[in-house]
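Working notes for the structure below.
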Amino acid sequence: MSNTPLNNNDEIDAIHPAAKPFLFLGKQSVKQNFMWVVLAGMMICVVLGFFFPQKHPLPIEAYIPGSWAVFGFLAYSFIVLCAPLIFKVLARDENYYEEGGLPDPDYSVEHHAEEERRS
């Protein structure tokens, strides 16, 4: 998805109807402030931990109330912040699968599409 806003009706009509309610997620303000939503969720879980304690808490719960919410937030933050590094490790070149070979006529959709164009 590009960072340019959709201005004309042709661009909006090309988007699948199920995706239209989620277009606000592409705004720069949402991207920049999303971590605050997750942090607020963690705070709510910590507060709820005071009112609804766990049946079988871990020993650390005596010292850090809501430790599962804190642990979840830290794990989420770690994964998000390590995403560029993970991408560099797992990414492949565009020609990794050496495209350009002949498609298998039994399984290739392109093969059937070319026959229909010729007819």
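The values are calculated or read from the model by the stated rules, or taken from the named source; none is laboratory data. Since we're looking at a predicted model, the values are computed, not measured. Here the Cβ is made from the backbone with ideal geometry for all residues, glycine too, and neighbour counts use every protein chain on show.
Checking His16 against (1) more than 26 Å from Val80 (Cβ to Cβ); (2) at pLDDT 80 or above; (3) of a type outside the set (A, V, I, L, M, F, W, C); (4) surrounded by 12 or more Cβ atoms within 10 Å (Cβ to Cβ), only one condition comes out false. Which one?
(4)
Before we move on, is Phe87 aromatic (Phe, Trp, Tyr), free of Cβ contacts under 8 Å to residues at least 24 places away in the same chain, surrounded by 10 or more Cβ atoms within 10 Å (Cβ to Cβ) and in a helix (DSSP H, G or I)?
Numbers: aromatic (Phe, Trp, Tyr): yes; free of Cβ contacts under 8 Å to residues at least 24 places away in the same chain: yes; surrounded by 10 or more Cβ atoms within 10 Å (Cβ to Cβ): no; in a helix (DSSP H, G or I): yes.
When the stated conditions are applied, Phe87 does not pass them.
The conditions are (1) within 25 Å of the chain's Cα centre (by Cα); (2) of a type in the set (A, V, I, L, M); (3) at pLDDT 85 or above, and Leu6 fails exactly one of them. Which is it?
(3)
Which pairs turn up if I take residues in the range 40-59 that are of a type in the set (A, V, I, L, M) and look for partners that are surrounded by 14 or more Cβ atoms within 10 Å (Cβ to Cβ) with beta carbon separation below 6 Å, at least 6 apart in sequence or on another chain?
Met42/Ala69; Met42/Phe73; Val46/Gly66; Val46/Ala69
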